[in-house]
Structure formats: C-alpha cells, structure tokens
Amino acid sequence: MAQIDDLPPLREVIARHGLDARKSLGQNFLLDLNLTARIARSGGALDGATVVEVGPGPGGLTRAILAAGASRVIAVERDERCLAALAEISAHYPGRLEVVSGDATRVDMARLVGEGATATARIIANLPYNVATPLLVGWLRAEPWPPWWASATLMFQREVAERIVAGPGGKTYGRLGVLAGWRSEARILFDVGPQAFVPPPKVTSSIVQLTPRARPEPCDPDVLEQLVAAAFGQRRKMLRSSLQSFSSEAAALLAAAGIEPTRRAEEIDVSGFVALARAAAD
Ligand code: SAM
C-alpha cells in the first residue's frame, strides 16, 4: 500500500525512539499498512467518529484510524517510551489525537470519552494479550447499559476469540461466551497470522467485532458472573452438583429457572443462565 500519511515509516519510528518490543507489555507491533487499514475499516464508518484505542504503541493502527477520518482518537498507552512517537502523530493531526499515559485497566474510559460521545464511541485496538480479557470483561460489564461504546473491534489470540463467540455445546463455551453473548453480538471477522506482527507471537490472532445489545435480558451482572463461574468451574458435573458452591438451594434455583438438574453447564444457553441469575436474585 502507498503511504497513508506523510509521517515516517513505522520501522524508522521504532528505531529512532528505541521501541524494542517488550514481552511483559504484550508488545507485538503491526507494521503492515494494508492490515492496519483493514482493521480500521472493520471498525465501521470512522468519518467524524470518536475512537478509543488501547495500546497504540508506535502508532501504526492509530495512524490508520486517523487516516480513515476519525475526528477524535483517545489512545491509552502504558509504555512511556512510546509517548514521543505518539506526539509526532498528534502534531500531524492537530486536535484529533489525545494520548493518555497510563494503565488502561485503571482508566475510566467513559469519563474520557465524555457525555457528548457516549454510546457513539468506537473501540478499536490490537490489545496487549496480558490484559485483553479483563479489559473486555470491564467493557461488557459497563453501567449504565447501553454502554459508552457503540462497537468494539479488537485483536485477540485466536483461542480467546473462539471463547468470546462460543455458544452452547462445545468446549470453548464458558464464562466469556455467556457474558459476551448476554450483552453483545460477537463475531470473528478474520484471522491474522503470526508473521503480521513484529516480533511474531507463537499463535494466530483474530479480529473480533462486538456490538452491544440495546436491551439484553435483565439480570444482575455480579450474580450472573458468580453463577457462571460455579457452573463452568466444574463443567463435567451436573448443575445440581456444580451449583452447590454458588447456592445451597441449587435444586430450587434450577426448578425455578425451568432447567433439568441433570444438565451440564455447556448445554445451557445464555437465556438459561439469565433465568438462573434472576431466580437467585429473587
Ligand atoms: N497498537 C500497536 C500496534 O498494533 O502495533 C501496539 C499493539 S501491542 C499488541 C499492545 C500495546 O499495548 C503496546 O503498545 C503496549 O505497550 C500497550 N499496553 C500494554 N499493557 C497496557 C495497559 N495495561 N494499558 C495500556 N496499554 C498497554
């Protein structure tokens, strides 16, 4: 692909700022401009959009998001070595890139986005694998709901992506599939091989697209999480046994939710878990 902007090539940026990738920070950089443009495009129509990016690193994906027309990009980066490189991008796109230096798991993103952009902001990120799941869980548990984000386009390890989009009946179905399925529609858009990254990780990655459901079936997220943790914590057992660690009245809860006590966690769909959570909260 031809240059997307007049900024220096990413390899040069990385060399000039000494941004050798650190495993402890989940750093696997994307330098392929076709791929960063494809990920940005997958985030929807970005013209005039507010985008939150976690972990911009040297800024490859950030540049693609800005080139795609986002009017405001809020990028949260933990590695202070990247800040000078990101400042160069800010200068190139005046007033459009806000870099927040810090740990994304501790940042209140709804507040950063602000009320004007609430429910319209898009999250686009090549996530650091070591905090990818807690970040997603936080976004899925946002209150109030519908949340501050209108879509999330995220890179995960393929194995995690499969768990996010999993439905009942398979080994990959568990806590992440229930939570993601309850509050969003989630699908894998495409895979990205290890060679696309510098340095290449050991596993294949996937881009996952999540769209919040406007009206998920009502239930208490804390109760749902505890229940699902108990059910899948002993996934081979029948629910009448595995739910004992959640409630001493497991049999009554299953009866109230209309679920056979001999069923196993991986056979229960999201509505079944929601019915159980509601029975537990009564
Ligand atoms: N977006 C860049 C790209 O696609 O080339 C870099 C992606 S790299 C997989 C993950 C990035 O997240 C790194 O820049 C890393 O420093 C940053 N990071 C790691 N942990 C973080 C955290 N807790 N909060 C914010 N950024 C973090």
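Every number here is computed from the coordinates shown, using simple stated rules; none is lab data. Because the structure is a prediction, the values reported are computed rather than measured. Don't worry about glycine lacking a Cβ; one is built from the backbone with ideal geometry, like all the others, and counts go over all protein chains shown.
Below, the figures for the structure above:
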| item | result |
| --- | --- |
| HN-Hα J in Hz across the stretch 73-84 - Karplus 6.51, -1.76, 1.60, θ = phi - 60°, x for Gly and Pro | 10, 10, 10, 9, 10, 8, 8, 5, 4, 7, 5, 5 |
| Shape category assigned to the stretch 222-282 from the gyration tensor of Cα positions, a/c cut at 1.5 | rounded |
| Between 0 and 90°, nearest 10: helix 270-281 axis offset from the chain longest Cα axis | 60 |
| Cα-based helix-to-principal-axis angle, 221-233 vs the chain, degrees rounded to 10 | 70 |
| Assigned charges on the beta-carbon of Lys, Arg, Asp, Glu; the stretch 18-99 dipole about Cα centre (debye) | 160 |
| The stretch 10-212: antiparallel DSSP beta bridges as a percent of all, rounded to 5 | 45 |
| Whichever aspartates and glutamates have a C-alpha closer than 18 Å to that of residue 23, once near sequence neighbours (fewer than 8 apart) are set aside | 77, 79, 80, 103 |
| For residue 213, residues with placed amide H under 5 Å, excluding near neighbours | 184, 185 |
| Kirkwood hydrodynamic radius (C-alpha pairs) into Stokes-Einstein, the chain, 25 °C and 0.890 mPa s, D in µm²/s | 123 |
| Long-range amide H partners of residue 107 with built H, under 5 Å | none |
| Pairwise FRET efficiency - residue 80 versus residue 47, Cβ, R0 = 45 Å, nearest 0.05 | 0.90 |
| In degrees, nearest ten, helix 33-42 long axis to first principal axis of the chain (Cα) | 40 |
| Integer Hz, Karplus 6.51/-1.76/1.60 couplings in order for the stretch 186-191, x for Gly and Pro | 10, 8, 8, 8, 6, 8 |
